[in-house]
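To keep things clear, I will list the structure first and then write my remarks on it.
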Amino acid sequence: MKSSYSQTTIWIMASRPKTLLAAFVPVIVGSSLAFMQGSFQPIAAFVALLCALLIQIATNFTNDLYDFLKGADNKKRVGPVRVLNAGLVTPEKMKFAIYLTFFMAFVLGLYLVYLTGTIILIVGIVSIIAGLAYTAGPYPLAYNGLGDIFVFVFFGVVGTVGTYYVQVQEISALSFLASIPVGALITNILVVNNYRDIDQDRFTGKNTLAVKLGKTFSRYEYLILMISSFFVPFIFYIFYDISLWIFLPYLTLPLAYKLVIMLFELQGEQLNSTLELTAKFSALYGLLFAIGIVM
């Protein structure tokens, strides 16, 4: 049966565009720290952003493929359309797209290696391997309760500190501290996703942290990660020479409260709106946090 979607639309759907805001946040925050120290390198920051986007898209492709092959995506799915599950793309085409997208990220990353040296090469290779290992390989991270840690480390710490490093060419305690709210709020996107899918994942054997520890744990994991993100600006202000502008992210407190209530009260397909809003929230917080650092 012929699809009503164009090929461009299908691959945009497969990339999960509503979650791609998460790739911008670590680059924006890492670059704001570099700017504060007078070392902002716009070309390096832009290439880092492209690499982050490509790695996230390739990871999403990999997730789509292996969730389909392992039966975690099926007709009972309550989340957004997945192109393989919907029969819009064949597994062979998806495999090619995965390899191509990761390869593009690697080639672009060589420019950052040229600027900074082999540390970034190692970080890039490990990031690509981790992106594949998220749902593929003999011990897929997402199927063994390690997805939350993966997201926090690679989309939070590695993304933020790595962006800072390719511009300043050093690693600081401040960049690690700045990565905490970034990682926490991006991890919350996954927490909502896994909380929504907990019954289906349990049935198909996808042992996410939500499946292992239950719905109550997931609710409070979301809440704790949210609270920790608002604690970091306070540390910036007390222990570093940062102005009151660092509290700009506190403007998002009403939205944070709304999101927590949504997670505690909504179920099933209702959580799709919570998932989208959580992704937008991470981007808004990150932008205000970066502005606060620069100001």
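Couple of notes before you dig in:
- When restricted to residues that are under 21 Å from Ala22 (Cβ atoms), of a type in the set (Phe, Trp, Tyr) and at pLDDT below 90, region 45-79 contains 1.
The rows are residues; the columns are (1) within 21 Å of the chain's Cα centre (by Cα); (2) more than 16 Å from Ala283 (Cα to Cα); (3) at pLDDT below 95.
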{"residue": "Leu185", "(1), (2), (3)": "yes, no, no"}
{"residue": "Asp197", "(1), (2), (3)": "yes, yes, yes"}
{"residue": "Gln200", "(1), (2), (3)": "no, yes, yes"}
{"residue": "Thr204", "(1), (2), (3)": "no, yes, yes"}
{"residue": "Asn207", "(1), (2), (3)": "yes, yes, yes"}
{"residue": "Ser218", "(1), (2), (3)": "yes, yes, no"}
{"residue": "Leu223", "(1), (2), (3)": "yes, yes, no"}
{"residue": "Met226", "(1), (2), (3)": "yes, no, no"}
{"residue": "Phe230", "(1), (2), (3)": "yes, no, no"}
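- Gly183 satisfies every condition listed in (1) free of Cβ contacts under 8 Å to residues at least 24 places away in the same chain; (2) under 30 Å from Met262 (Cβ atoms) except (1).
- Condition check for Leu190 on (1) more than 23 Å from Val29 (Cα to Cα); (2) touching a helix residue (DSSP H, G or I) at 6+ places or on another chain (Cβ under 6 Å); (3) surrounded by 22 or more Cβ atoms within 10 Å (Cβ to Cβ); (4) not basic (Lys, Arg): one failure, at (1).
- The selection criterion, being among the small types (Gly, Ala, Ser), within 21 Å of Leu21 (Cβ to Cβ) and either crowded, with 21+ Cβ neighbours inside 10 Å or in contact (Cβ under 8 Å) with a residue 40 or more places away in the chain (or both), does not hold for Ser243.
- Residues that are within 25 Å of Gly117 (Cβ to Cβ), assigned to a helix (DSSP H, G or I) and not acidic (Asp, Glu) are absent from region 192-203.
- Considered as a group, the residues in region 169-187 that are closer than 22 Å to Leu21 by Cβ and β-branched (Val, Ile, Thr) include one that is surrounded by the most Cβ atoms within 10 Å (Cβ to Cβ), and that residue is Val182.
- Ile227 vs. criteria exposed (fewer than 12 other Cβ atoms within 10 Å of the Cβ) and farther than 17 Å from Leu190 by Cβ: no
- Among the residues of region 5-28, those identified as in contact (Cβ under 8 Å) with a residue 40 or more places away in the chain and more than 14 Å from the chain's Cα centre (by Cα) are Tyr5, Ile10, Trp11, Met13, Ala14.
- So Ile98, is it of a type in the set (Val, Ile, Thr), modelled with pLDDT of 90 or more and under 22 Å from Pro42 (Cβ atoms): no
- Sub-7 Å Cβ pairs linking a first residue in region 106-134 that is on the phi > 0 side of the Ramachandran plot and buried (at least 16 other Cβ atoms within 10 Å of the Cβ) to a second residue that is of a type in the set (A, V, I, L, M) and assigned to a helix (DSSP H, G or I), at least 6 apart or interchain, number zero.
- In region 71-91 there is at least one residue that is surrounded by 19 or more Cβ atoms within 10 Å (Cβ to Cβ), in contact with a Pro (Cβ under 8 Å, 6 or more places away or on another chain) and not in a helix (DSSP H, G or I).
- Single condition Tyr250 does not satisfy, out of (1) surrounded by 17 or more Cβ atoms within 10 Å (Cβ to Cβ); (2) modelled with pLDDT of 95 or more; (3) within 25 Å of Gln37 (Cα to Cα); (4) of a type outside the set (S, T, N, Q): (1)
- Against the conditions (1) modelled with pLDDT of 90 or more; (2) part of a helix (DSSP H, G or I); (3) surrounded by fewer than 22 Cβ atoms within 10 Å (Cβ to Cβ), Gly38 satisfies every one except (2).
The values are calculated or read from the model by the stated rules, or taken from the named source; none is laboratory data. Since this is a predicted model, take the numbers as computed values, not measurements. A quick note on method: Cβ atoms are made from the backbone with ideal geometry, for glycine too, and the neighbour counts reach across all protein chains shown.
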